[in-house]
Every structure is written in structure tokens, then in C-alpha cells.
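Notes to accompany the following structure.
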Amino acid sequence: MAAAVSFSAASRLRALPTWSSSVSCDDHSTLAMSVPAPARPRSARPLRSPARMMGNVNAGKGLFAPLVVVARNIIGRKRFNQFRGKAIALHSQVITEFCKTIGADSKQRQGLIRIAKKNGEKLGFLA
């Protein structure tokens, strides 16, 4: 009995017409011509805003920002970035040693490094 039900359901599915069998080439061209054109042309602007570069939201702000900008202009951007990278690495090592001393795990260490970065941004060290 179940086989008869599934057979009749399969035969009903095959009996349905398809798009290609119900519309001939002539009908398709007239159907395509009967569709109205859009009322106004689409703009060429992108759907999303362009990708933004990562940056300091407090750029130019903070207590030490003017000093950082002057130092960067005097010694040059490349040497300044090298110096800043070494200072950040040294500070991260100090934080790591502190975490080892107090027995903090890696999640807490990562949290402290994030806090240090946010504080550096607020104070203007990353200007």
C-alpha cells in the first residue's frame, strides 16, 4: 500500500509542466519585452562603505600626542616606528613577567596588554 502511495506521488510530480516546456522561444521574447524598464537608473555607488584602515580613534588627542608628533617629525617615520615597536615589545615583556610573578594565566595577560594599548591610545602615545 505504501508503495502505491509513493508511486502516485512520484507520477504527480513528473506530470507538472516545466518552465521550458510551457514557454516557447517566441513567447519568451514577447514576455521579456513586456517587462517595463526600471524607472530610474541605479547609482554606481557601492552598497557598503569602503573598508576603513585601522587607526587610533584618539589620534592627535591625549597628553603626550604633541610630543609624539614632534618626535616622529624629527627622527622620521621609519625610525620612529622601529623605536615605538621596541618600546611596545619591552612593555609587553614587563607585563608578561608581572603575570608570571603573580601567577596570572594567559587570558589575564592578554587582557592586561589590551588595557595597556587602550591607555596608550588615550594618553596619545599612539598618535
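At q = 0.17 Å⁻¹, what log₁₀ I(q)/I(0) does a Debye calculation on the Cα points of segment 60-127 give, no solvent, two decimals? Debye intensities relative to I(0), on a log10 scale: -0.67. 3J(HN,Hα) couplings calculated from phi for segment 98-109 with the Karplus curve 6.51 cos²θ - 1.76 cosθ + 1.60 (θ = phi - 60°) are, in sequence order, 4, 5, 5, 5, 8, x, 7, 7, 5, 5, 5, 5 Hz; Gly and Pro show x.
For the cross-link pairs 78/118; 61/118; 61/122, the ones whose C-alpha atoms lie over 19 Å apart are 78/118. Each peptide among 99-107, 115-123, 80-88 gets the average number of other Cβ atoms lying within 10 Å of its residues, and from highest to lowest they stand as 115-123, 80-88, 99-107.
Here, each number is a calculation from the coordinates, and none is a lab measurement. Given the structure is predicted, the values throughout are model-derived calculations rather than measurements. Using ideal geometry, Cβ is built from the backbone for each residue, glycine included, and neighbour counts are taken over all protein chains shown.
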